[in-house]
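Presented below is the structure to which this report refers.
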Amino acid sequence: ESTVDDLPDEVLEYILSLVAPYKDLQECSLVCKRWHRSVKNVIRHAQKFLHRSIVDFNIRWENITPAEMAPSITKRYSHSACRHDNSMYVFGGCTTTSTTFNDLWRLDLNKRQWVRPLTMGTYPSPKACASIVCYKEALILFGGWSHPSPYPLHQAWRLFSELHVYGIVSNRWACINTPTTPPAMAGHSATIQGELMVVFGGLQKTNVLLGQCGSSNDVWCFNLENQTWNKQTTTDVKPFCRYGQSQISLDDRNVLILGGCGGPNMMFSDVWLLSLTDPIWTWREVPVRNLQWAATYMWCHPACKVLLSPNLDEIIQSVRKNPSSSQPSPEHRPPLPDQGRINQVTCPPKPLTAASSNDLENAGPSGIGMAAFRDPSPVMKPGASENRRRQLESLRRMEERIRPYGNNVYISPSPSESKSQMTKNVMTMSVLDISHVLTDGCYVEWLCPKFHNASSGGPEEKILYTLIAGKGELIMFGGIQKDATSVKSQAQPLSNAANAVSNSLHFITAPRGII
């Protein structure tokens, strides 16, 4: 009689690859030496296939809907999230109804279920745009901001300099008070570098009495062993002041900063390397190749690092909306950054048509090159026929719905248009190769996107979500379904009730057929 032990190694590894890559797979490795060896192979192959799928933009989106009657986290955006072992923790965030949270939720990645820990100790204030990182068996929460209270009226929104530590084993919050503290901030970034939590940038108040604020490019360090703050000295050449950037830890001595926002119409897409050299830390701007494929609006779209083989790392960023099912033409690509800065442009979400090249050569100041819209006398003549009158009126209505964007013409669909003609904007990836950033050449390179693969099954476009690296997968949670071009500042509340705040959960994995 045949048993599991009689299965070939390849079949056993295939069966184990169907097991959740967290607690269940860890327990499988304890069965025997053969299973332990097979589990190690499964983990290695899963990472390899995920990397290959990301580079090929051939990913699989898995959407998780909370089960009925099961506890589920409240919809939110601008929250904080990090992963520890087999769990993802989410803290705070806000909604469009001027509400901020101070709750802590844990996602059991093995069961794909939400758990609300009944925490003890000194709770943090309700806030959003805080940073949270994991160090040993603790979560470190710093900074953030909250909506103003509706009563009494005319209160300013509030920034925090609180530092809280959550003990995962003790299930207790503790507030850390130190003689020296950074200024209150939000929208900053933080990573663990050895025994230090390194904090960069953020939004800070420059005039407390007038309620004025501005962004920063300072570097602060919190020693996690002796619990002390200090402002780190760096070289004079440094990034512009910003907030909303992504901060990636390359190793204990090197940090990468991507994008961010310096204020209205100051959207950065540059890349900086911070080397933790003694005694003065060194900033270096990293040359970026293939800017035509660069991610846009990186201040409201987070990035995370995916470890590959020793020769290649990738930074994955779910940023772009997918306007078509093929590779974008040069007209549809985002504008090239000017000295690391992208100007914010507001335009209708769907490109329905564009003027031809011949028309564009004859285009007027508006950039619209269609002959019908260059009629020098749009006023109807008394002798015009009724049919001609209707045609001109129809063209005039169409002209009112057209706005130029560079060499493109975007038509805003009228309410009467069929929904079948509308194509929803879905999330897709932008991938940055950082394998050469620590070499003598020192550069990064955006990979050519393949929209027809990367967008299949993706969620509708949203911003201010979190993106966390799991075991052989990426985890996206929350956010608000809104076009990034219509949001000018992460610190400004999104008060439009029509905006759809989300508590959706999405997992980005390699296609199952590969394994």
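The values are calculated or read from the model by the stated rules, or taken from the named source; none is laboratory data. Remember, it's a predicted structure, so these values are computed and weren't measured experimentally. Counting neighbours? That spans all protein chains shown, and the Cβs are built from the backbone with ideal geometry, glycine included. Note: areas computed on protein heavy atoms with side chains; ligands, DNA, RNA excluded. Shrake-Rupley method; radii C 1.70, N 1.55, O 1.52, S 1.80 Å.
Can you tell me which condition residue 466 does not meet? The list is (1) in the same structural domain as residue 270 (by the TED database); (2) open to solvent by 10 Å² or more (accessible area, probe 1.4 Å); (3) modelled with pLDDT under 85, and all the others hold.
(3)
From (1) β-branched (Val, Ile, Thr); (2) surrounded by 15 or more Cβ atoms within 10 Å (Cβ to Cβ); (3) at pLDDT 95 or above, pick out the condition that doesn't hold for residue 122.
All conditions are met except number (2).
For the stretch 45-76, give me the residue count where each residue is more than 26 Å from the chain's Cα centre (by Cα) and modelled with pLDDT of 90 or more.
1
For (1) farther than 19 Å from residue 458 by Cβ; (2) modelled with pLDDT under 80; (3) not in a loop (DSSP other than H, G, I, E, B), each residue gets a yes or a no:
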{"residue": "409", "(1), (2), (3)": "yes, yes, yes"}
{"residue": "413", "(1), (2), (3)": "yes, yes, no"}
{"residue": "416", "(1), (2), (3)": "yes, yes, no"}
{"residue": "423", "(1), (2), (3)": "no, yes, no"}
{"residue": "427", "(1), (2), (3)": "no, no, yes"}
{"residue": "430", "(1), (2), (3)": "no, no, yes"}
{"residue": "437", "(1), (2), (3)": "yes, no, no"}
{"residue": "440", "(1), (2), (3)": "yes, no, no"}
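Examine the stretch 1-14 for a residue that is among the β-branched types (Val, Ile, Thr), closer than 27 Å to residue 431 by Cα and more than 28 Å from the chain's Cα centre (by Cα), and state whether such a residue exists.
no
Can you tell me which residues in the stretch 197-207 are in contact (Cβ under 8 Å) with a residue 40 or more places away in the chain and in a strand (DSSP E or B)?
197, 198, 199, 200, 203, 204, 205
Taking residue 53 as the residue in question, decide whether it is closer than 30 Å to residue 446 by Cα, buried (at least 16 other Cβ atoms within 10 Å of the Cβ) and among the hydroxyl-bearing types (Ser, Thr, Tyr).
So residue 53 fits the description; yes.
Got a number for residues in the stretch 208-226 being over 18 Å from residue 163 (Cβ atoms) and either part of a loop (DSSP other than H, G, I, E, B) or not assigned by the TED database to the domain that holds residue 435 (or both)?
Residues meeting the conditions: 5.
Scan the stretch 184-210 residue by residue and report those that are at pLDDT 95 or above, of a type outside the set (A, V, I, L, M) and farther than 23 Å from residue 86 by Cα.
Answer for the stretch 184-210, where residues must be at pLDDT 95 or above, of a type outside the set (A, V, I, L, M) and farther than 23 Å from residue 86 by Cα: 187, 188, 189, 200, 201, 202.
Pull out all pairs, ordered by first then second residue, where Cβ-Cβ is under 8 Å, the residues are six or more apart or on different chains, the first lies in the stretch 51-75 and is in contact (Cβ under 8 Å) with a residue 60 or more places away in the chain, and the second is open to solvent by 40 Å² or more (accessible area, probe 1.4 Å) and aliphatic (A, V, I, L, M).
51/312; 52/514; 53/514
Pairs under 6 Å by beta carbon, first residue under 17 Å from residue 509 (Cβ atoms) in the stretch 94-111, partner not in a strand (DSSP E or B) and not charged (D, E, K, R), six or more apart or different chains?
As it stands, the answer is 109/22; 109/86; 110/20; 110/22; 110/86, since those pairs meet every condition given.
Looking at the stretch 251-265, can you tell me whether even one residue there is closer than 23 Å to residue 141 by Cβ and open to solvent by 30 Å² or more (accessible area, probe 1.4 Å)?
Yes; the residues of the stretch 251-265 include at least one that is closer than 23 Å to residue 141 by Cβ and open to solvent by 30 Å² or more (accessible area, probe 1.4 Å).
Quick check: is even one residue across the stretch 31-44 in contact with a His (Cβ under 7 Å, 6 or more places away or on another chain) and not in a helix (DSSP H, G or I)?
no
Among the listed residues 17, 2, identify the single one that is farther than 24 Å from residue 463 by Cα and touching a helix residue (DSSP H, G or I) at 6+ places or on another chain (Cβ under 9 Å).
17 is the lone residue from the list that is farther than 24 Å from residue 463 by Cα and touching a helix residue (DSSP H, G or I) at 6+ places or on another chain (Cβ under 9 Å).
Scan the stretch 89-106 and tell me whether some residue there is open to solvent by 50 Å² or more (accessible area, probe 1.4 Å), more than 22 Å from residue 203 (Cα to Cα), of a type in the set (A, V, I, L, M, F, W, C) and outside any loop (DSSP other than H, G, I, E, B).
Checked against the condition, which is being open to solvent by 50 Å² or more (accessible area, probe 1.4 Å), more than 22 Å from residue 203 (Cα to Cα), of a type in the set (A, V, I, L, M, F, W, C) and outside any loop (DSSP other than H, G, I, E, B), the stretch 89-106 yields no hits at all.
Within the stretch 7-21, does at least one residue satisfy the condition of being in a loop (DSSP other than H, G, I, E, B), of a type outside the set (A, V, I, L, M, F, W, C), surrounded by fewer than 19 Cβ atoms within 10 Å (Cβ to Cβ) and not assigned by the TED database to the domain that holds residue 432?
Checking the stretch 7-21: at least one residue is in a loop (DSSP other than H, G, I, E, B), of a type outside the set (A, V, I, L, M, F, W, C), surrounded by fewer than 19 Cβ atoms within 10 Å (Cβ to Cβ) and not assigned by the TED database to the domain that holds residue 432.
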